[in-house]
Amino acid sequence: MFLGRSNQKRKAQQKHAVRRFAQRHGEFVGQDRFLEMVHSIQEGRATFIEKQSNRVSVFDVALGEKIVRVVYDKHRKTIVTALPDSARTDSGGVAQR
């Protein structure tokens, strides 16, 4: 039962992230593109920005030719959301929300 709930949460997070990519970046992100971004984080190819908690970290990942800032959940091994461009700063830090 626990594994089912965890999987449901992962799917809900992925669906949320895909909607945010479309809303905030005007990009449709299919399963292949989404998994490529997840793998870039897992394989160390994405740029680490900050750790928000023991479970959640912020990364910059490539979305085609564009770099986007995402929030990654390491327990569920998925991208939780795509942050708006205003979350990125020239200094590489996280803008105040």
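FYI, it's all coordinate maths here, none of it is from the lab. Since the structure is predicted, the reported quantities are computational estimates derived from the model, not experimental observations. All Cβ positions, glycine included, derive from the backbone under ideal geometry; neighbour counts span all protein chains shown.
Exactly one of (1) of a type outside the set (D, E, K, R); (2) under 18 Å from PHE21 (Cα atoms); (3) in contact with a strand residue (DSSP E or B) (Cβ under 7 Å, 6 or more places away or on another chain) is unmet by ILE49. Its number?
Evaluating ILE49 over (1) of a type outside the set (D, E, K, R); (2) under 18 Å from PHE21 (Cα atoms); (3) in contact with a strand residue (DSSP E or B) (Cβ under 7 Å, 6 or more places away or on another chain) leaves (2) as the failure.
Would you confirm, using the coordinates I've provided, whether VAL70 is within 23 Å of SER6 (Cα to Cα), out of contact with any Gly (no Cβ under 7 Å at 6 or more places or on another chain), touching a residue at least 12 places away in the same chain (Cβ under 8 Å) and in a loop (DSSP other than H, G, I, E, B)?
Answer is no for this residue.
Which members of the stretch 12-67 meet the condition of being free of Cβ contacts under 8 Å to residues at least 12 places away in the same chain and of a type in the set (S, T, N, Q)?
GLN23, GLN31, SER53, ASN54
Give the residues of the stretch 61-72 that are surrounded by fewer than 18 Cβ atoms within 10 Å (Cβ to Cβ) and either closer than 23 Å to LYS9 by Cα or touching a strand residue (DSSP E or B) at 6+ places or on another chain (Cβ under 6 Å) (or both), sorted by residue number.
Within the stretch 61-72, ILE67 is the sole residue that qualifies.
Return the residues of the stretch 15-41 that are farther than 14 Å from ASP85 by Cα, over 13 Å from the mean Cα position of the chain (by Cα) and of a type outside the set (Phe, Trp, Tyr); say none if nothing qualifies.
GLY30, GLN31, ASP32
Residues that are hydrophobic (A, V, I, L, M, F, W, C), closer than 12 Å to THR81 by Cα and assigned to a strand (DSSP E or B): does the stretch 42-49 have at least one?
No, the stretch 42-49 contains no residue that is hydrophobic (A, V, I, L, M, F, W, C), closer than 12 Å to THR81 by Cα and assigned to a strand (DSSP E or B).
Taking the conditions exactly as written (surrounded by 13 or more Cβ atoms within 10 Å (Cβ to Cβ) and of a type in the set (S, T, N, Q)), does GLN8 satisfy them or not? Before you say what the answer is, go through the steps one by one.
Numbers: surrounded by 13 or more Cβ atoms within 10 Å (Cβ to Cβ): no; of a type in the set (S, T, N, Q): yes.
Criteria not met by GLN8.
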